[in-house]
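The values are calculated or read from the model by the stated rules, or taken from the named source; none is laboratory data. Quick caveat: nothing in here was measured; it's all calculated off a predicted structure. Positions of Cβ are backbone-derived with ideal geometry, glycine not excepted, and every protein chain shown enters the neighbour counts. For accessibility, only protein heavy atoms count, side chains too; no ligands or nucleic acids. Shrake-Rupley method; radii C 1.70, N 1.55, O 1.52, S 1.80 Å.
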Amino acid sequence: MALLQIAEPGQSSLPHQHRLAVGIDLGTTNSLVATVRSGEAVTLPDHEGRHLLPSVVRYVSEDEVVVGAAAREYASSDAYNTIVSVKRLMGRGIKDVAAFGEVLPYEFEEDQGGMPFIKTIAGAKSPVEVSADILKVLVQRAEESLKGDLVGAVITVPAYFDDAQRQATKDAATLANINVLRLLSEPTAAAVAYGLDQKDEGVILVYDLGGGTFDVSVLRLTKGVFEVLATGGDSALGGDDFDRALAEWLAAQTGAATAMTAALSRQLMEQAREAKEQLTAEDNACINLQIDGKEVSVDVSKTQFDELISVLVDKTVRACKRVIRDAGLSLDDVQDIVMVGGSTRVPLVRERVAALFGRPLHVDIDPDRVVAIGAAIQADVLAGNKPDSEMLLLDVIPLSLGLETMGGLVEKVIHRNTSIPVARAQEFTTFQDGQTAMAVHILQGERELVEDCRSLARFVLQGIPPMVAGAAKIRVTFQVDADGLLNVEAKELSTGIESSIQVKPSYGLSDGQIADMLKASYSSAEEDKEKRFLREQKVDADRLISALEQAIVIDGQALLTADERKELESEIDLLKEVKAGSEAREIELGVERLAKVSDEFASRRMDLNIQRALQGHSIQEIEEIT
Ligand code: ADP
Ligand code: MG
């Protein structure tokens, strides 16, 4: 935990100590790493000066892996071992992957969890491992260039990524030995790169057209809080489709369509891509092809290219209108339009989008790098390099949310930094025989004890049918919606009775308070652990004592001799005495001792209960049950 280090007393106040943190754009086609250096966010190049790392991983042998441009060259000749667009597989099951419809060039191996493992020469690789291999290269690049170890990274994910996809991304980071300061949504990162979070409020549309995907998001900013109002787009539309449109036209022009081979098709796609990128800056491009050993050259004009891609661009414009409608807004409500992704360099794309809104677009920051740059700015703040910064993007939960459990302890249900919206459920049970109500106390904070956290709300679940302790199953569900609103529901599962309450946690605390609570939780972690251990021992002792006392009342007469009973009772008193003190280890030993002493009594009770249960049943019935 990097924030832990930030808060370490005596360290955080040193102004000159710059903590190395990076922003990572883990893209479908390309990935990048950026950092804030001398107050400016910059992407970091490799040794050859290339900033973009193609998100392609090739497993060459058991222990050789190549990432980036060198791997991409083998995408078609060594397709089985060369993984492209792995981001599409993140957090997906093998069934989801089969439902993609398109034929992926890999062989999958199904593990027990249903995760799609890709068979390669280096063994079966999960999408998480493949992504980790990309991340490792970026981190190494950063550490070499910054000359030091990273405190952590902010990694961006699409706004629509669900919990499983986000978790998979985090797991990849863990595998790559990266401390994730936060996952940030890509559109939010782009808005941050343009400094839009410094405004008081506004509606922002982020138009992201990459290599193979198109994402459009509408964000609302209110007092430094970004909220994703709606997302849309097309997961199978991008610059690659522009290449394909141009390649098909080329094939028709040159007569190559009739003599098409895999190699020729690949050549056409590559040439088309080059020509497309050239046409961004120039009015004409010349394409040279080798067809049947003959050199063929074709000229293509910008006008011709625009005509070819016009339908595709219109599709993206329609998606923008749709997502604005989904957000319950009209075109005029959008104040800022941020252009992201390499394909937004295409002039026709810019023209059409600008025409839709009738206003200028944000295009000054390199559209390939804008997401990584925003992530780097956020990482810099989270690493503690800008102590005065007010920026705190609440598209994640800033402090853990939990419940009070026995002994005044806090059980965390949703951990801090979890992206919202989110829902998590946990099952609890009754502590006492015949308990018919359960108090639900909702808390916020990182500390272990109730009194050190912030109380958010309380309510009581009533009407639990009387049962023995531990038999009732009460499911408590915490749900935080995109507004940061927390809804807590408690439900007794056998009867279905339920009760709920709505609380509003994230806006209740100022950023300063949040920072203080985090600091306190870190500086007192050791002490908290001890206190927690002591309380746990006390709870254990209480549980055993109360269970035994009840058992003695019910079955003592029948199952214990007077001496045995006396011995047991004096042992109970002994534990009560130890429990009143504050020696956790002593209490633990006392519990063990009493458990041993009462062992015989417990087994007699068990026998008696079995006998009772069997009364009135025939042997045959019992055989049927077992
Ligand atoms: P992703 O977000 O999917 O990882 P990128 O944002 O890196 O993808 O965009 C890659 C796409 O941008 C490719 O289709 C590439 O051809 C296109 N692209 C890059 N530079 C240009 C350019 N100058 N003109 C037109 N398209 C470009
Ligand atoms: Mg991208």
| field | region 333-356, residues that are hydrophobic (A, V, I, L, M, F, W, C) and either out of contact with any helix residue (DSSP H, G or I) (no Cβ under 9 Å at 6 or more places or on another chain) or without any contact (Cβ under 8 Å) to a residue 60 or more places away in the chain (or both) | value | LEU348, ALA354, ALA355, LEU356
| note | Taking region 351-368 and keeping only residues that are surrounded by fewer than 18 Cβ atoms within 10 Å (Cβ to Cβ) and closer than 17 Å to LEU237 by Cα, one is left with ARG352
| task | Give the residue that is most open to solvent (accessible area, probe 1.4 Å), with candidates limited to residues of region 275-309 that are more than 20 Å from ALA257 (Cβ to Cβ) and within 38 Å of the chain's Cα centre (by Cα). | result | GLU277
| message | Considering only residues that are closer than 25 Å to ARG369 by Cα and in a strand (DSSP E or B), which ones fall in region 53-108? | response | LEU53, PRO54, VAL56, VAL57, ARG58, VAL66, VAL67, THR82, ILE83, VAL84
| remark: Given (1) in contact with a Ser or Thr (Cβ under 9 Å, 6 or more places away or on another chain); (2) farther than 23 Å from ARG266 by Cα; (3) of a type in the set (Val, Ile, Thr); (4) open to solvent by less than 70 Å² (accessible area, probe 1.4 Å), ILE121 misses just (4)
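For region 434-452, give me each residue that is open to solvent by 20 Å² or more (accessible area, probe 1.4 Å) and of a type outside the set (D, E, K, R).
The answer is GLY434, GLN435, THR436, ALA437, MET438, ALA439, VAL450.
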| Extreme residue, modelled with the lowest pLDDT, among residues of region 215-235 that are of a type in the set (D, E, K, R) and away from ligand 1 (no atom under 16 Å from the Cβ) | LYS223
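To keep it simple, each residue is scored yes or no on (1) within 16 Å of ligand 2 (Cβ to nearest atom); (2) of a type outside the set (Val, Ile, Thr); (3) in a helix (DSSP H, G or I); (4) in contact with a Gly (Cβ under 8 Å, 6 or more places away or on another chain).
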site	(1), (2), (3), (4)
PRO187	yes, yes, yes, no
GLY202	no, yes, no, no
ASP208	yes, yes, no, yes
VAL218	no, no, no, no
LEU221	no, yes, no, yes
GLY233	yes, yes, no, no
ARG244	no, yes, yes, no
GLU248	no, yes, yes, no
ALA252	no, yes, yes, no
| query | Restricting the search to region 192-214, which residues are touching a helix residue (DSSP H, G or I) at 6+ places or on another chain (Cβ under 7 Å) and either within 16 Å of ligand 1 (Cβ to nearest atom) or free of Cβ contacts under 8 Å to residues at least 12 places away in the same chain (or both)? | reply | ALA193, VAL206, TYR207, ASP208, LEU209, GLY210, GLY211, GLY212, PHE214
| query | Within region 293-306, can one find any residue that is assigned by TED's automatic domain parsing to the domain that holds GLU248, β-branched (Val, Ile, Thr), within 17 Å of ALA275 (Cα to Cα) and outside any strand (DSSP E or B)? | reply | yes
| request: Restrict the check to region 99-107 and report whether at least one residue is open to solvent by less than 30 Å² (accessible area, probe 1.4 Å), modelled with pLDDT under 95, under 28 Å from the mean Cα position of the chain (by Cα) and more than 16 Å from ligand 2 (Cβ to nearest atom). | output: yes
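For ILE337, indicate whether it is buried (at least 17 other Cβ atoms within 10 Å of the Cβ) and either within 22 Å of GLY210 (Cα to Cα) or within 33 Å of the chain's Cα centre (by Cα) (or both).
Yes; evaluated as a whole, the condition is true for this residue.
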| query | Does region 24-69 hold any residues that are within 14 Å of ligand 1 (Cβ to nearest atom), over 19 Å from ALA176 (Cα atoms) and hydroxyl-bearing (Ser, Thr, Tyr), and which are they? | reply | THR29, THR43
| task | Answer with yes or no whether ASP197 is modelled with pLDDT of 90 or more and crowded, with 20+ Cβ neighbours inside 10 Å. | result | no
| Has region 246-262 got at least one residue that is under 30 Å from GLY202 (Cβ atoms), open to solvent by 10 Å² or more (accessible area, probe 1.4 Å) and of a type in the set (D, E, K, R)? | no
